[in-house]
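The values are calculated or read from the model by the stated rules, or taken from the named source; none is laboratory data. Everything quoted here is computed from the prediction, not taken from an experiment. Positions of Cβ are backbone-derived with ideal geometry, glycine not excepted, and every protein chain shown enters the neighbour counts. With ligands, DNA and RNA removed, areas are computed over all heavy atoms of the protein, side chains included. Shrake-Rupley method; radii C 1.70, N 1.55, O 1.52, S 1.80 Å.
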Amino acid sequence: MARLWLSTGISMSLALALASWSPVASANDELLKLEKDPHQWTQPAGNYANTRYSKLDQITNKNVKNLQVAWTFSTGVLRGHEGGPLVIGNMMYLSTPFPNIVYALDLDKNGQIVWKYEPKQDPNVIPVMCCDTVNRGVAYGDGMIFLHQADAKLVALDAKTGKVAWTADDGDATKGETGTSAPLVVKHMVLVGNSGGEFGVRGKVTAYDTKSGKQVWRAYSMGPDSDTLIEPGKTTNLGKPIEADESLKTWKGDQWKIGGGTTWGWISYDPELNLIYYGTGNPSTWNPAQRPGDNKWSMTIFARDADSGKAKWLYQMTPHDEWDYDGVNEMILTDEKIDGKERKLLVHFDRNGFGYTLDRESGELLVADKYDPAVNWATKIDIKTGLPDRVKKYSTEANGEDNNTQGVCPAALGSKDQQPSAYSPKTGLFYVPTNHVCMDYEPFKVAYTAGQPYVGATLSMYPPKGDDHLGNFIAWDATKGKIKWSIPEQFSVWSGALATAGNVVFYGTLEGYLKAVDAETGKELYRFKTPSGIIGNVNTYTHNGKQYIAILSGLGGWAGIGMAAGLTGDTEGLGAVGAYKSLSQYTQLGGTLTVFALPD
Amino acid sequence: MNMRYLRRVNVTFFTAFTIISLGGISASSAQDSNASTTEDKPYHIDADGTTDWPVFNGYRRYHAICHTCHGPDGLGSSFAPNLTESLKHMTKDQFLDVVVNGRTNVSTSAEKRMPALGTDLNVMCYIDDIYAYLKARSDGAIGRGRPPKHASKPQEAAEAEAACMGSGTGQ
């Protein structure tokens, strides 16, 4: 540990190094230890590798059919409840959509509320959140709970009392820059990305000192190398060194300043390589004709040095996006054999419908295959160049402004959105919640005004031709790029999955079911209808030696806005699908935590 | 057209607004010379469901901006009212006033804010179209979702758009 601190200190100011020094174990030590303890759920994704896998095995594929509701808790908030609770010791912490209430519940006292934090936020932030006022959870580290508020403030709360330790302004909500993502604590830093790709916000990830809230580093998605922390000649793109200011050459004039590439997804971390991984979102605007060029580095997987933020390698999946296929989905870090060789892998299920497997040390692209057979905008990804082989018929750029490009799969929601997948080292399979939705996409001219929507397209969404379901829950082999099994779901699966050593995989559905399936076969073993549609992520923990499963329900998010009402009635494509009915007939808004356990 | 709300918009937008408004009037007068009818029913839907250009354009502009709070198809959400209901009671002037200047509704249970959109070209250059679309929705003249068929973009609309949007389309 001492060695790491020394090397960190060199890249920081002395004052900062002293401020972050602590006689007790650092957050890094503590979190590295905590993530190995399956009895707690100490990070939004379960662990730094983002596998959402638990070694707990009291609940198994044999007994999960007996699962019962142990207790419930109303959050008192409507709208979409993404993310899920943390469990640290006897305490549970969870956050809500705007107004972003944080609850600390004492599991020793039947979930009694120990403290509640409700920030005062200007409600003007509501209209500048593109896809509902979601919040994907809080992070823990150094005895504090970190909340990324809608108004782009990052707040550190004392985990024991809920008292504000510090507040950092991560962005300007009056310009449409907002906060929805869960922070991640790495070493003495808390990392946070931004939202606002539909408002011409420039994406960035910022590291703040956990103790003081002072900025340690900030890396933009686009702009000069001094902003992106790209080292020309050293940072690589699929093994090749990047030229100086390569990002600037891929934008017309100053458009990169309002270029999007926001970073509202998940961040993962490899402590051995000391690299953090995340993806960047869509370039602004949605009208591709208005922003010629590859728009680097939107739609890009970044590997950065955790201490300095400097880019080690990157890979742009969808150059010059034409469909809003943000690249922000989680990066899952696994060690698996490919062609007989043990590799350190990064697996990513992109919005664009391709499942990517890369070497996370070198950034080499190993596998890229469709994880939904409906994907049609590209035929394949060239493994050498990393470029998609695009189909002209589905190019919204080629078809142009004021023209409706029809039948593009996936829809802008992606074959998967932010809802995180799980990976079980026992089965070697990834469990992926997916959308099975296609779209018509009509781009049009749009003007930029700071703080106003900068969208420039209208969309209609519907299931792929001949299909009557809008989602699948799949098991994926990332070493081969193959679907092992696929469970059709009536609606998109917008809930984060959980895999356990009990050979059970859990996920939620938009109608509100928590489902348990067999990790090997996908056979459904249990279902329970929670009070509202589920877009939250399942977790597990133990309390007094007993295993629990927890899930937030509360319909909303893009799925809720776009699908609950937008996919009904007599719109084109749906007429043939008589079975399709509005989600609003199944569920209504309202946030509830439901906790399950086996009977005593 | 009532000048009350225009006075609060800055000069640049006053000019822009006037141009697009004139475009709107000349386009609609070709179909219907009765101005009061145009005000009551600012849209034209053919028997086969084909909508005029303003309604279609209003549909797509609405669904790029307004729908995040007012819901798909104008149906409202927990953040903002159902506009297909609101427009049964609001005049066009009242509608424009709220769009341009915003509005705050504070009650014991919630604080609702409509942002002032008077400086947003993506709204103000097409506000007559957005109104026409919502009015058609409110009157039940069109259903939910994308209108199945629509008239093509008339030259006047393209010219008005170019004049109103100007060079504001990014750097």
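Yes or no: B:Pro81 at the interface with another protein chain (Cβ under 9 Å from one of its Cβ atoms) and open to solvent by 30 Å² or more (accessible area, probe 1.4 Å)? So that I can check it myself, show each step before the final result.
Numbers: at the interface with another protein chain (Cβ under 9 Å from one of its Cβ atoms): no; open to solvent by 30 Å² or more (accessible area, probe 1.4 Å): yes.
For B:Pro81, the condition - at the interface with another protein chain (Cβ under 9 Å from one of its Cβ atoms) and open to solvent by 30 Å² or more (accessible area, probe 1.4 Å) - is not met.
Mind counting the residues in segment A:444-472 that are more than 7 Å from every other protein chain (Cβ to nearest Cβ) and outside any loop (DSSP other than H, G, I, E, B)?
Pass one, segment A:444-472, residues more than 7 Å from every other protein chain (Cβ to nearest Cβ): A:450-451, A:454, A:459, A:461-472.
Restricting the remaining residues to those that are outside any loop (DSSP other than H, G, I, E, B) gives A:459, A:461-462, A:471-472.
Qualifying residue count, segment A:444-472: 5.
Considering only segment A:312-367, state which residues are β-branched (Val, Ile, Thr) and open to solvent by less than 10 Å² (accessible area, probe 1.4 Å).
Listed by number, the residues that qualify are A:Thr318, A:Val328, A:Ile332, A:Thr334, A:Val347, A:Thr357.
Mind checking which residues of segment A:370-387 are under 19 Å from A:Lys465 (Cα atoms), surrounded by 13 or more Cβ atoms within 10 Å (Cβ to Cβ) and not hydrophobic (A, V, I, L, M, F, W, C)?
Looking only at segment A:370-387, we keep the residues that are under 19 Å from A:Lys465 (Cα atoms), and these are A:370-379.
Right, trim to surrounded by 13 or more Cβ atoms within 10 Å (Cβ to Cβ) and you get A:370-378.
Once the filter is applied, which keeps residues that are under 19 Å from A:Lys465 (Cα atoms), surrounded by 13 or more Cβ atoms within 10 Å (Cβ to Cβ) and not hydrophobic (A, V, I, L, M, F, W, C), segment A:370-387 yields A:Lys370, A:Tyr371, A:Asp372, A:Pro373, A:Asn376.
Report, ordered by the first and then the second residue, all pairs with beta carbons closer than 6 Å, sequence separation of six or more or different chains, a first member in segment A:246-265 that is within 9 Å of another protein chain (Cβ to nearest Cβ) and closer than 24 Å to A:Pro183 by Cα, and a second member that is in a loop (DSSP other than H, G, I, E, B) and open to solvent by 10 Å² or more (accessible area, probe 1.4 Å).
Sorted first by the residue in segment A:246-265, then by its partner, the pairs are A:Ile258/A:Tyr448.
To keep it simple, each residue is scored yes or no on (1) away from chain A (no Cβ under 12 Å); (2) in a helix (DSSP H, G or I); (3) open to solvent by less than 50 Å² (accessible area, probe 1.4 Å).
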| position | (1), (2), (3) |
| --- | --- |
| B:Asp93 | yes, yes, yes |
| B:Asn105 | no, no, no |
| B:Asn122 | no, yes, yes |
| B:Ile142 | no, no, yes |
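So which of A:Leu94, A:Leu105 ends up being part of a strand (DSSP E or B) and either farther than 29 Å from B:Gly76 by Cβ or free of Cβ contacts under 8 Å to residues at least 60 places away in the same chain (or both)? Before you say what the answer is, go through the steps one by one.
Working: A:Leu94 fails: either farther than 29 Å from B:Gly76 by Cβ or free of Cβ contacts under 8 Å to residues at least 60 places away in the same chain (or both).
Just one listed residue meets the conditions, A:Leu105.
Here's the yes/no breakdown for (1) surrounded by 24 or more Cβ atoms within 10 Å (Cβ to Cβ); (2) out of contact with any Pro (no Cβ under 7 Å at 6 or more places or on another chain); (3) of a type in the set (Gly, Ala, Ser):
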{"position": "A:Glu243", "(1), (2), (3)": "no, no, no"}
{"position": "A:Thr250", "(1), (2), (3)": "no, yes, no"}
{"position": "A:Trp266", "(1), (2), (3)": "yes, no, no"}
{"position": "A:Ala289", "(1), (2), (3)": "no, no, yes"}
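Identify the single condition in (1) in contact with a Ser or Thr (Cβ under 9 Å, 6 or more places away or on another chain); (2) farther than 18 Å from A:Asp382 by Cβ that A:Pro319 does not satisfy, given that it satisfies every other one.
Only one criterion is unmet by A:Pro319, namely (2).
Based on what the data block shows, is B:Ala162 of a type outside the set (D, E, K, R), within 24 Å of A:Ala447 (Cβ to Cβ), free of Cβ contacts under 8 Å to residues at least 24 places away in the same chain and not in a helix (DSSP H, G or I)? Even if it seems obvious, please write down each step before you answer.
Values: of a type outside the set (D, E, K, R): yes; within 24 Å of A:Ala447 (Cβ to Cβ): yes; free of Cβ contacts under 8 Å to residues at least 24 places away in the same chain: yes; not in a helix (DSSP H, G or I): no.
In short, no.
Which of (1) assigned to a loop (DSSP other than H, G, I, E, B); (2) open to solvent by less than 50 Å² (accessible area, probe 1.4 Å) is the odd one out, the single condition A:Asp440 does not satisfy?
So A:Asp440 meets the others, but not (1).
Give the number of residues within segment A:505-533 that are over 20 Å from A:Val87 (Cα atoms), modelled with pLDDT of 95 or more and hydrophobic (A, V, I, L, M, F, W, C).
Adding up the residues that qualify gives 5.
Name every residue in segment A:488-514 that is under 18 Å from A:Ser553 (Cα atoms), of a type in the set (A, V, I, L, M) and surrounded by fewer than 24 Cβ atoms within 10 Å (Cβ to Cβ), in order of residue number.
As a first pass, look at segment A:488-514 and keep what is under 18 Å from A:Ser553 (Cα atoms): A:489-498, A:505-514.
Now restrict to residues that are of a type in the set (A, V, I, L, M): A:493, A:497-498, A:505, A:510, A:514.
Matches in segment A:488-514: none.
For A:Arg390, work out the one condition from (1) open to solvent by 30 Å² or more (accessible area, probe 1.4 Å); (2) within 14 Å of another protein chain (Cβ to nearest Cβ) it doesn't fulfil.
The one condition A:Arg390 does not meet is (2).
Listed residues A:Ala398, A:Ala450; which is open to solvent by 30 Å² or more (accessible area, probe 1.4 Å), farther than 19 Å from A:Asp477 by Cβ and touching a residue at least 40 places away in the same chain (Cβ under 8 Å)?
Testing whether each residue is open to solvent by 30 Å² or more (accessible area, probe 1.4 Å), farther than 19 Å from A:Asp477 by Cβ and touching a residue at least 40 places away in the same chain (Cβ under 8 Å) leaves just A:Ala450.
Which numbered condition in (1) at the interface with chain A (Cβ under 9 Å from one of its Cβ atoms); (2) more than 22 Å from A:Ser460 (Cβ to Cβ); (3) open to solvent by less than 20 Å² (accessible area, probe 1.4 Å) is the only one that B:Tyr62 fails?
With (1) at the interface with chain A (Cβ under 9 Å from one of its Cβ atoms); (2) more than 22 Å from A:Ser460 (Cβ to Cβ); (3) open to solvent by less than 20 Å² (accessible area, probe 1.4 Å) applied to B:Tyr62, the lone miss is (2).
Has segment A:507-521 got any residue that is of a type in the set (Gly, Ala, Ser) and closer than 29 Å to A:Leu366 by Cβ?
So in segment A:507-521, the residues of a type in the set (Gly, Ala, Ser) come out as A:508, A:512, A:516, A:519.
Now drop any that are not closer than 29 Å to A:Leu366 by Cβ, which leaves A:519.
Among the residues of segment A:507-521, at least one is of a type in the set (Gly, Ala, Ser) and closer than 29 Å to A:Leu366 by Cβ, which makes the answer yes.
When you go through A:Val77, A:Val114 one by one, which is the residue that is in a loop (DSSP other than H, G, I, E, B) and more than 22 Å from A:Thr500 (Cα to Cα)?
Being in a loop (DSSP other than H, G, I, E, B) and more than 22 Å from A:Thr500 (Cα to Cα) holds for just one of A:Val77, A:Val114, which is A:Val77.
To keep it simple, each residue is scored yes or no on (1) more than 8 Å from chain A (Cβ to nearest Cβ); (2) in contact with a Ser or Thr (Cβ under 6 Å, 6 or more places away or on another chain); (3) crowded, with 18+ Cβ neighbours inside 10 Å.
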position	(1), (2), (3)
B:Pro72	no, no, yes
B:Lys112	no, no, no
B:Ile127	yes, no, yes
B:His150	yes, yes, yes
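Among the residues of segment A:254-280, what is the count of those that are within 19 Å of the chain's Cα centre (by Cα) and either in a strand (DSSP E or B) or within 23 Å of A:Thr51 (Cβ to Cβ) (or both)?
Residues of segment A:254-280 within 19 Å of the chain's Cα centre (by Cα): A:260-270, A:275-280.
With the extra rule that they be either in a strand (DSSP E or B) or within 23 Å of A:Thr51 (Cβ to Cβ) (or both), the set shrinks to A:260, A:263-270, A:275-280.
Matching residues across segment A:254-280 total 15.
State whether one or more residues within segment A:391-407 are within 29 Å of A:Glu272 (Cβ to Cβ) and not hydroxyl-bearing (Ser, Thr, Tyr). So that I can check it myself, show each step before the final result.
From segment A:391-407, those within 29 Å of A:Glu272 (Cβ to Cβ) are none; that's our starting set.
Checked against the condition, which is being within 29 Å of A:Glu272 (Cβ to Cβ) and not hydroxyl-bearing (Ser, Thr, Tyr), segment A:391-407 yields no hits at all.
Any chance segment A:416-433 includes a residue that's open to solvent by 50 Å² or more (accessible area, probe 1.4 Å) and at negative phi?
Initially, segment A:416-433 is screened for residues open to solvent by 50 Å² or more (accessible area, probe 1.4 Å), giving A:425-426.
Applying the additional criterion that residues be at negative phi yields A:425-426.
Scanning segment A:416-433, I find at least one residue that is open to solvent by 50 Å² or more (accessible area, probe 1.4 Å) and at negative phi, so the answer is yes.
Only one of these conditions is not met by A:Tyr423: (1) more than 23 Å from the chain's Cα centre (by Cα); (2) not in a loop (DSSP other than H, G, I, E, B). Which number is it?
Of (1) more than 23 Å from the chain's Cα centre (by Cα); (2) not in a loop (DSSP other than H, G, I, E, B), only one is false for A:Tyr423: (1).
So B:Val100 passes all but one of these: (1) over 23 Å from A:Phe199 (Cβ atoms); (2) in contact with a Lys or Arg (Cβ under 8 Å, 6 or more places away or on another chain); (3) in a helix (DSSP H, G or I); (4) of a type outside the set (Ser, Thr, Tyr). Which condition number does it fail?
Failing condition for B:Val100: (1).
I'm told B:Leu117 meets every condition in (1) part of a loop (DSSP other than H, G, I, E, B); (2) more than 13 Å from every other protein chain (Cβ to nearest Cβ) except one. Can you identify the failing condition by its number?
(2)
Among the listed residues A:Asn63, A:Asn50, which satisfies the condition of being farther than 22 Å from A:Thr530 by Cβ, of a type outside the set (Asp, Glu) and either touching an Asp or Glu at 6+ places or on another chain (Cβ under 6 Å) or open to solvent by 10 Å² or more (accessible area, probe 1.4 Å) (or both)? First the steps, then the outcome.
Details: A:Asn63 fails: farther than 22 Å from A:Thr530 by Cβ.
From the options A:Asn63, A:Asn50, the qualifying one is A:Asn50.
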